[in-house]
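Student: Just passing along the structure, written as structure tokens.
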Amino acid sequence: MCGICGIYSFSLPFSSPPEKELRAMNQSLHHRGPDDEGYYLDDQVALAMKRLSIIDLKTGHQPLSNETQTVWVIFNGEIYNYREIRNSLIKKGHNFQTRSDTEVLVHLYEEMGVDFVEALNGMFALALWDKARKLFLLVRDRLGIKPLHYAFHKRHLYFASEIKAILQSDFPREIDINALHQYFAFEYIPAPRTIFKNLFKLLPGHRLVAHNEEWKIEKYWDISNEKKSFSLSDQSKIIPALQANLQESVRKRLVSDVPLGVFLSGGIDSSSVTALMTQIVPEPIKTFSIGFAEESFNELQYARLVAEKYKTDHHEFIVHSEQVKELVPQLIKFLDEPLADASIIPTFIISRLARQFVTVALAGDGGDELFAGYDTYKAYKIAKYFRRLPSLIRNKIIKNIVSILPASPKRLSFEFKAKKFISGIDYPPEVANYIWWGAYHPEIRKNLFSPALIPEENPYSPIYFHLSHCPAKDELTCITYLDLKLYLQDDLLVKMDRMSMANSLEIRVPFLDHEVVEFAHQIPSSLKLKGLTTKYILKKAMEPYLPHEILSRRKIGFDIPLGVWIKNELKDFVQEILSPEALQKHGFFNQKFIAQILNEHFEGKHNHRQLLWPLIIFQFWYNFYLD
């Protein structure tokens, strides 16, 4: 695991050697790899890396080349099938100088050309320079587990694991207004945009190919319908196959020369990873959990249940409101762009806790998207029947009753769910799903922004872009596909990468092995959401491994009691960051509207936590990067 960055010149040679600029870029990524660093410069390419040593601790230095020094690579991630590939390449006459997975990339490229990436199983972001052919590649893994950003500036292509490295150049820091509107619609900024104009994320499953003065972006992977789907009658076949797929995925992710652990929330996904890992590892594994004093947010009892069943070496930490004040200003510098997922705070804390004991941790991300685990999928099914009700009942009776429900500070209260459900019910299912997820309903966004701040495109355009590529005809499958492409890749994986790497900790995600993803896509959606039972087939597969209390519990998710904290302990903190003076610095927002929602929240009339938190994060981000 590491951070990578560099520069490719479209005009040969560099007008002046970019060594100083490259070192500044690399130093900004030090937290991603404190164990080692390396550089390569020639007249057209500058490569740099910061390394966190996981495999081949002594000889895995980068940048790394072939024997003739004509092919160079820098790489962030892990290749789980590198040993099999290495053995195959040795049989074909390739010579290896190290045991690292990085060297496999060089020789595999020599063997297969730009298609070499299709043979890889793992998480990765890499840059490869073929000096002989004058061919430059940027490649990002299939699911977007590892980040990769790029920008064109002054006839140069800049790239880096994190945006901050590109900003070490004189690249202009101009806000993309379309991205700003997307942020308040989704609570994150969908790829390929970033908050900065003309600075982009490379889409997962894509590669950028540059040759002399030309460049193009190609898709090399997506979920497809090439494999035959299972039928409903195949449940008895699916369960053992799913168990075997997950077991193998966990086994692959245990390859390491350093200690490993597991993030254990007590949910089905992380509990499944823990259970499967204990089937492979003979000694007690280390597990890590986060809790809260507020009962409706605390899942520790479930994590302890799994930890006790499998006799893990278990570690816990209780999060308090004071840590929000302390951490939010610090965490912004690791995010680089606004991300309104409040679980960045417990994710940072659990990463910090885990790093005291291990260098690598496994996590359960991806299970909800693959096996229909979110309440929004239940809402989708309920909405189909709700829309059949007479309009008088829908619009006059039910909507009016929901509108007067009193505000509740409890997590996922009936009041919160009911109002969210009604807010999206009149939209197409794919858009309703993101209104249920997102912070700002389209009508509310009209009140948020200053009149002049009009986007050029529909903020929901990423939904339609990905929907056009959905390989299924089934509506629910396409909605889970959208969540895989949007919420998972641009929120959950970004949060996990930045917060873990801020602590120099590597996270591995067994559910996101691309073979597991492809297998899950073959399973009928009615075996994922059966009636209103989410993750039905995954629960059946994990029955031999997990306690009934874990399998039957309702989903909570990784969140913090922000609504209560903003109203009480964090009130002064919030009033300062959202004061008229603070908002006036950029003039993006309607100050009267923000004052209104603040007052309503403080007075207990409404729980506006989901409206206020994106504003708080944006203000801290703006102060750090642009003020």
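Coordinate-derived values only; no laboratory data. The shown structure was predicted, so the numbers you read here are calculated from the model rather than taken from an experiment. Note: ideal-geometry Cβ built from the backbone for every residue, glycine included; neighbour counts use all protein chains shown.
Student: Using the count of nearby Cβ atoms within 10 Å as a rough guide to exposure, how do 253, 140, 387, 355 rank from fewest to most? Kindly include the intermediate steps, with their values, before the conclusion.
Tutor: On the way: 253 22, 140 28, 387 12, 355 18.
Neighbour counts put them in this order, fewest first: 387, 355, 253, 140.
Student: If you bin the C-alpha pair distances of the range 2-219 every 5 Å from 0, what whole percents do you get?
Tutor: The distribution over the range 2-219 is 1, 7, 16, 20, 21, 17, 10, 5, 2, 1, 0, given as percents.
Student: Something else about it: Order 418-426, 158-166, 490-498 from most to least packed using the mean count of other Cβ atoms within 10 Å. Please list the in-between numbers first.
Tutor: Values: 418-426: 18.7, 158-166: 25.0, 490-498: 22.8.
Descending packing order for the listed peptides: 158-166, 490-498, 418-426.
Student: If you stretched the chain out fully between residue 111 and residue 453, how much longer would it get, using 0.36 nm times the residue separation minus the C-alpha to C-alpha distance?
Tutor: 118.0 nm
Student: Place a +1 charge on the Cβ of each Lys and Arg in the chain and a -1 charge on the Cβ of each Asp and Glu, then give the dipole magnitude about the Cα centre in debye, rounded to the nearest 20.
Tutor: On the way: 75 positive and 75 negative charges, 340 e Å.
With Lys and Arg at +1 and Asp and Glu at -1, about 1640 debye.
Student: Determine, from the Cβ-Cβ distance of residue 43 and residue 152 and an R0 of 22 Å, the FRET efficiency 1/(1 + (r/R0)^6), rounded to the nearest 0.05.
Tutor: Numbers: r = 19 Å, r/R0 = 0.87.
According to the calculation, E is roughly 0.70.
Student: Also, quick follow-up: Quick one: length gained pulling residue 313 to residue 596 fully straight, 0.36 nm per residue minus the C-alpha distance?
Tutor: That pair, residue 313 and residue 596, stretches by 97.0 nm at full extension.
Student: Candidates [x] 28.2; [y] 29.5; [z] 25.4; which is the computed Kirkwood radius over Cα pairs in Å?
Tutor: [z]
Student: Could you work out [θ]222 nm for the chain from helices alone, using -39500 (n - 2.57) per DSSP H run of at least four and dividing by all its residues? Round to the nearest 500 deg cm²/dmol. Intermediate results must be reported in sequence, preceding the final value.
Tutor: Values: 27 runs with 252 residues, N = 627.
Taken over the chain, the calculation gives -11500 deg cm²/dmol.
Student: Karplus couplings for the range 151-158 from phi (6.51 cos²θ - 1.76 cosθ + 1.60, θ = phi - 60°), rounded to Hz, Gly and Pro as x?
Tutor: 7, 9, 8, 6, 6, 10, 9, 9
Student: DSSP beta bridges in the chain, what fraction antiparallel, as a percent rounded to 5?
Tutor: Details: 58 of 75 bridges.
Among the beta bridges of the chain, antiparallel pairing accounts for roughly 75 percent.
Student: Continuing with this model, one more query. Please give the peptides 258-271, 505-518 ranked by average Cβ packing (other Cβ atoms within 10 Å per residue), highest first, as a rough proxy for protection.
Tutor: On the way: 258-271: 24.5, 505-518: 22.4.
In descending order of packing, they fall as 258-271, 505-518.
Student: Hey, quick one: spin label on residue 215, modelled 7 Å out along Cα-Cβ, who in the range 131-146 has an amide N within reach, i.e. under 15 Å?
Tutor: 135-140
Student: Give, in nm to one decimal, the length gained when the segment between residue 405 and residue 323 is fully stretched (0.36 nm per residue of separation minus the Cα-Cα distance). Intermediate results must be reported in sequence, preceding the final value.
Tutor: Values: separation 82, 0.36 × 82 = 29.52 nm, distance 3.18 nm.
That works out to 26.3 nm of additional length.
Student: Taking the simple approach of a point 7 Å from Cα along Cα-to-Cβ for both residue 241 and residue 385, what is their distance in nm?
Tutor: Label at residue 241, label at residue 385, 3.1 nm between them.
Student: Which of the peptides 181-187, 566-572 is most tightly packed, and how do the rest follow, judged by the mean count of other Cβ atoms within 10 Å per residue?
Tutor: Numbers: 181-187: 24.6, 566-572: 16.3.
Highest mean packing first, the order is 181-187, 566-572.
Student: Please report the net charge: other residues with Cβ closer than 13 Å to the Cβ of residue 173, K and R +1, D and E -1.
Tutor: Values: positive: 164, 197; negative: 170, 174, 176, 336, 337, 627.
Net charge in that neighbourhood comes out at -4.
Student: Pairs 396/419; 92/216; 50/333; 419/446; 485/528: which are spaced more than 21 Å apart, C-alpha to C-alpha?
Tutor: Details: 396/419 15 Å; 92/216 31 Å; 50/333 18 Å; 419/446 19 Å; 485/528 18 Å.
Over 21 Å Cα-Cα: 92/216.
Student: FRET efficiency for residue 68 and residue 396, Cβ-Cβ distance as r, R0 = 60 Å, nearest 0.05? Numbers along the way, then the final one.
Tutor: On the way: r = 77 Å, r/R0 = 1.28.
After rounding to 0.05, the efficiency reads 0.20.
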